[in-house]
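Asks: Would you mind keeping the following structure in view while I ask a few things?
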Amino acid sequence: MSDQVAASLDDQVHLLVQAGTGTGKSLGYLIPAMIWAMQSKQTALVATATLALQAQLAHKDIPVAARAVASVLGREPRTQVLKGRSNYVCLLRVRDQAGPGQDSLLGGAELVDVVRDSAVDATSALGAEVLALREWADQQASDGGLADRDDAPSHSPRAWAQVSVPVRECLGANSCPYGAECFVEASRARARQADLVVTNHALLAINAMHGGTALPEHGPVIVDEAHELVNRVTGAASSELSPQQIERVAKRASSWLDDDLAAELLEAADTVSQALAEVAPGRITEPGSLAVQAAELVREVTRRAVSGLAPSSGQTAEPEQQQASSAMKEIFEIAERMAKLDEHDVVWLSAGERFGRQLNIAPLSVAGLMRDKVLEDHPTILTSATLTIGGAFEPLAGSVGLRRVDRIAADDEAGDAGQWRAIDVGSPFDYGRQGILYVATGLPNPGRDGIGPDALTELAELIWAADGRTLGLFASQRSAEAAAEHLRGALPGMNVMCQGEANLSELTRTFIADERSVLLGTMSLWQGIDVPGDTCRLVVIDKIPFPRPDDPLMQARQLAATQAGGNGFMQVAASHAALLLAQGAGRLIRSSSDKGVVAVLDPRLVKARYGSFLRASLPPFWTTTDSEAAIQALQRLAAS
């Protein structure tokens, strides 16, 4: 892998590297990237999907790689982690825009302890956390730190919101009274001096969308956890618009607007609420629909509000006015984009218990953005344990902007711009010896009403044979909860835990500590848990994780693929399911000594015409449809 990464950097050609769990892929790209950056005097950029991998790179892998590189080049490379603005404390919020907990005779840390040890309301607890964060931020400023959220005292999301600022509401270093001390500017200054910068997929996308203003100048881009790139870029390029948003911004801006315009904004929020109540959830495609009329109304009134919030000639707006203006401008831009109904966007109405009815917008594809703003300017290396879909690299490559015709062999010389290579470096694990894939072909196909009684019975039998030690991955929270309820009755004495009953990190710790436990959950467990050893000997997947049939964005992408002459189901729905299945099944074997069974309670994995495509994306386990073989294997493992 290191040889191929080094060749890609030298040839300025793109590269896809599938590297199974346990290959040490972080070192596989870090070392050649560091050497290339130091020799070329250009910054190499690494982008991850998760903060967890960022932390692993910063605290574990980068120090190891840096020492190895220093032994060859005579110095350690300079490295810097760069996060989004809201991950750093805002000194303006801390010093000039005091929220709860600003004044107290006790110090922040002492107050947190007092609150924790006494029966107090949530407001007092919030105030104590905010005060502790403010004191810590001041100390960070004195010590030359960066006030990064990951290093902060224990706090809730609400407390962090009191000391940070959304990117839109930042005044900018030149306008802010604390610009010279700004933690974000300090982190960017360090990044500009670094040989290697670690950031995330979302910031990479924001940098692409906003003309390169979010990241320092850099050379090659290395995307780790690349199977997540399309989702993360889509998320960064998506927006929502709700009556509650409009009302909040209207109230915030009212102090600087004339009374009539302030009242008109509040009336617009009510009008939008009434309009959305009459629209059925789903995709919006008609220019004259009520939803589009609502977006047009918001666009027009916020356009005038943005003008009304501008300071008079020769005057400077106070910080709160500037922030209100930025928030108003954001609402205007979202409404304007929605009102256009551009063919490259998907607009839809969603309805939920938590957020009510809201309009949503997302790009139909991110391939053009990635091709024009990332791939054309930077040789890009994408790596993950799961890059092949149905056994091929081309589907994922196409989704991020690489063209099928531009692929060249791993040993071909690079010529034209846009060319890419792809390699699978394999895995140190012997999947055929270490794991079994069992597909329950005797069960009926899963329905839309959640996990069925036959599947629950088989689930209990498998977990009984494994003596616990089971990770259950479900397509819906409802199915996970139904399974938990059934198992607690069928397997008394077994510690059955379900996502949502406690903090996920707490559930994971209990799962690791108690080898006879069972952990059931949904999407975040498919990719976000790593438990090597005897903790997990059985991974159960209740159904093939196709996207929801009523997901407007996925529906639109399937339709676009079909209209372009392709197979929309296979290119979008089946590819989505294949990646998730590979990630879920990959939870089982995390070290060379792990053994166990992946059980899929969905017979379509074998019986459906697309089953072979999905299975080709999975690790090469020994495969069976014999439940007795799976149960006996689990019993032998439990007894060993």
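The values are calculated or read from the model by the stated rules, or taken from the named source; none is laboratory data. Small disclaimer: the values here were computed from a predicted structure and weren't measured. Note that each Cβ is placed from the backbone with ideal geometry, even for glycine, and that neighbours are counted across all protein chains shown. These area figures cover heavy atoms from the full protein model, side chains too; ligands, DNA and RNA do not enter into them. Shrake-Rupley method; radii C 1.70, N 1.55, O 1.52, S 1.80 Å.
Asks: Can you name the number of the only condition in (1) closer than 30 Å to GLN39 by Cβ; (2) at pLDDT below 90 that ALA125 fails?
Replies: The one condition ALA125 does not meet is (1).
Asks: Go through (1) over 24 Å from ALA339 (Cα atoms); (2) touching a residue at least 60 places away in the same chain (Cβ under 8 Å); (3) crowded, with 19+ Cβ neighbours inside 10 Å and name the single condition GLU217 misses.
Replies: (3)
Asks: Ok, one more. Restricting to segment 190-201, count the residues that are open to solvent by 10 Å² or more (accessible area, probe 1.4 Å), under 20 Å from SER164 (Cβ atoms) and either modelled with pLDDT under 95 or outside any helix (DSSP H, G or I) (or both).
Replies: Adding up the residues that qualify gives 1.
Asks: Pairs please, first residue from segment 313-326 and modelled with pLDDT under 90, second anywhere and open to solvent by less than 40 Å² (accessible area, probe 1.4 Å) and hydrophobic (A, V, I, L, M, F, W, C), Cβ atoms under 7 Å, 6+ apart in sequence or on different chains.
Replies: PRO319/LEU92; PRO319/LEU171
Asks: Let me ask something else. Please tell me if GLU506 is assigned to a helix (DSSP H, G or I) and farther than 21 Å from ALA465 by Cα. Reasoning before the result, please.
Replies: On the way: assigned to a helix (DSSP H, G or I): yes; farther than 21 Å from ALA465 by Cα: yes.
So GLU506 passes the test.
Asks: Related question: When you go through ALA44, ALA70, ALA109, ALA6 one by one, which is the residue that is farther than 22 Å from THR199 by Cα, modelled with pLDDT of 95 or more and out of contact with any Lys or Arg (no Cβ under 8 Å at 6 or more places or on another chain)? Show your work before the answer.
Replies: Details: ALA44 fails: farther than 22 Å from THR199 by Cα; ALA109 fails: modelled with pLDDT of 95 or more; ALA6 fails: farther than 22 Å from THR199 by Cα.
So the residue among ALA44, ALA70, ALA109, ALA6 that is farther than 22 Å from THR199 by Cα, modelled with pLDDT of 95 or more and out of contact with any Lys or Arg (no Cβ under 8 Å at 6 or more places or on another chain) is ALA70.
Asks: Quick check on LEU341: is it at negative phi and buried (at least 17 other Cβ atoms within 10 Å of the Cβ)?
Replies: Details: at negative phi: no; buried (at least 17 other Cβ atoms within 10 Å of the Cβ): yes.
So LEU341 does not fit the description; no.
Asks: Just checking, which of ARG304, ARG299 is open to solvent by less than 60 Å² (accessible area, probe 1.4 Å), among the basic types (Lys, Arg), closer than 30 Å to GLY172 by Cα and in a helix (DSSP H, G or I)?
Replies: ARG299 is the lone residue from the list that is open to solvent by less than 60 Å² (accessible area, probe 1.4 Å), among the basic types (Lys, Arg), closer than 30 Å to GLY172 by Cα and in a helix (DSSP H, G or I).
Asks: Ok, one more. Answer yes if at least one residue in segment 228-241 is of a type in the set (Ser, Thr, Tyr) and assigned to a helix (DSSP H, G or I), and no otherwise.
Replies: The answer is yes; a qualifying residue exists.
Asks: On to the next question. Being in contact (Cβ under 8 Å) with a residue 40 or more places away in the chain, part of a helix (DSSP H, G or I), closer than 24 Å to VAL606 by Cβ and open to solvent by less than 60 Å² (accessible area, probe 1.4 Å), is that true of even one residue in segment 426-433?
Replies: Among the residues of segment 426-433, at least one is in contact (Cβ under 8 Å) with a residue 40 or more places away in the chain, part of a helix (DSSP H, G or I), closer than 24 Å to VAL606 by Cβ and open to solvent by less than 60 Å² (accessible area, probe 1.4 Å), which makes the answer yes.
Asks: Looking only at residues that are within 18 Å of SER476 (Cβ to Cβ), open to solvent by 10 Å² or more (accessible area, probe 1.4 Å) and under 20 Å from the mean Cα position of the chain (by Cα) in segment 520-544, which one is modelled with the lowest pLDDT?
Replies: Only one residue fits best here, namely GLY528.
Asks: Which residue is surrounded by the most Cβ atoms within 10 Å (Cβ to Cβ), if the candidates are limited to segment 356-377 and must be touching a strand residue (DSSP E or B) at 6+ places or on another chain (Cβ under 8 Å) and hydrophobic (A, V, I, L, M, F, W, C)?
Replies: Looking at residues that are touching a strand residue (DSSP E or B) at 6+ places or on another chain (Cβ under 8 Å) and hydrophobic (A, V, I, L, M, F, W, C), I get LEU359.
Asks: Could you list, in sequence order, all residues of segment 307-326 that are assigned to a loop (DSSP other than H, G, I, E, B) and either of a type outside the set (Gly, Ala, Ser) or open to solvent by 80 Å² or more (accessible area, probe 1.4 Å) (or both)?
Replies: PRO311, SER313, GLY314, GLN315, THR316, GLU318
Asks: Could you pull out the residue among THR285, THR213 that is within 30 Å of PRO395 (Cβ to Cβ), assigned to a loop (DSSP other than H, G, I, E, B) and over 21 Å from the mean Cα position of the chain (by Cα)?
Replies: Testing whether each residue is within 30 Å of PRO395 (Cβ to Cβ), assigned to a loop (DSSP other than H, G, I, E, B) and over 21 Å from the mean Cα position of the chain (by Cα) leaves just THR285.
Asks: Would you pick out the residues in segment 341-382 that are assigned to a strand (DSSP E or B), hydrophobic (A, V, I, L, M, F, W, C), farther than 23 Å from TRP420 by Cβ and at pLDDT 95 or above?
Replies: Scanning segment 341-382 gives VAL346, VAL347, TRP348, LEU349, LEU359, ILE361, ALA362.
Asks: Run ASP258 past the list (1) of a type outside the set (Phe, Trp, Tyr); (2) open to solvent by 20 Å² or more (accessible area, probe 1.4 Å); (3) within 30 Å of LEU364 (Cα to Cα); (4) in contact with a helix residue (DSSP H, G or I) (Cβ under 8 Å, 6 or more places away or on another chain) and report the number of the one that doesn't hold.
Replies: (3)
Asks: Cβ-Cβ under 9 Å, sequence separation 6+ or interchain: first residue in segment 265-278 and loosely packed, with under 13 Cβ neighbours inside 10 Å, partner among the polar types (S, T, N, Q). Which pairs?
Replies: Close Cβ pairs satisfying both conditions: none exist.
Asks: State which residue is modelled with the lowest pLDDT when the search covers only segment 436-460 and only residues that are among the acidic types (Asp, Glu) and surrounded by fewer than 17 Cβ atoms within 10 Å (Cβ to Cβ).
Replies: Applying the first criterion (among the acidic types (Asp, Glu)) to segment 436-460 yields 449, 454, 458.
After this cut, where a residue has to be surrounded by fewer than 17 Cβ atoms within 10 Å (Cβ to Cβ) as well, the list is 449, 454.
On the way: ASP449: 85, ASP454: 96.
Across segment 436-460, the extreme among qualifying residues is ASP449.
Residues are listed down the side, and each one gets a yes or a no for (1) closer than 24 Å to ALA582 by Cα; (2) within 27 Å of the chain's Cα centre (by Cα); (3) touching a residue at least 24 places away in the same chain (Cβ under 8 Å); (4) surrounded by fewer than 18 Cβ atoms within 10 Å (Cβ to Cβ):
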residue	(1), (2), (3), (4)
ALA466	yes, no, yes, no
GLY472	yes, yes, yes, no
SER479	yes, yes, yes, no
ARG488	no, no, no, yes
GLY493	no, no, no, yes
MET497	yes, yes, no, no
ASN503	no, yes, no, yes
THR508	yes, yes, no, no
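Asks: Just one of GLN632, GLN583 is modelled with pLDDT of 95 or more and either open to solvent by less than 50 Å² (accessible area, probe 1.4 Å) or of a type in the set (S, T, N, Q) (or both); which is it?
Replies: One residue alone meets the criteria, GLN632.
Asks: Among the strands (runs of 3 or more DSSP E) lying completely within segment 13-102, list those that include at least 3 residues that are in contact with a helix residue (DSSP H, G or I) (Cβ under 8 Å, 6 or more places away or on another chain) and open to solvent by 10 Å² or more (accessible area, probe 1.4 Å).
Replies: The qualifying strands (runs of 3 or more DSSP E) are 79-81.
Asks: Now a separate question. Taking the condition of being part of a strand (DSSP E or B), of a type in the set (D, E, K, R) and open to solvent by 40 Å² or more (accessible area, probe 1.4 Å), how many residues in segment 402-425 meet it?
Replies: Total meeting the criteria: 2.
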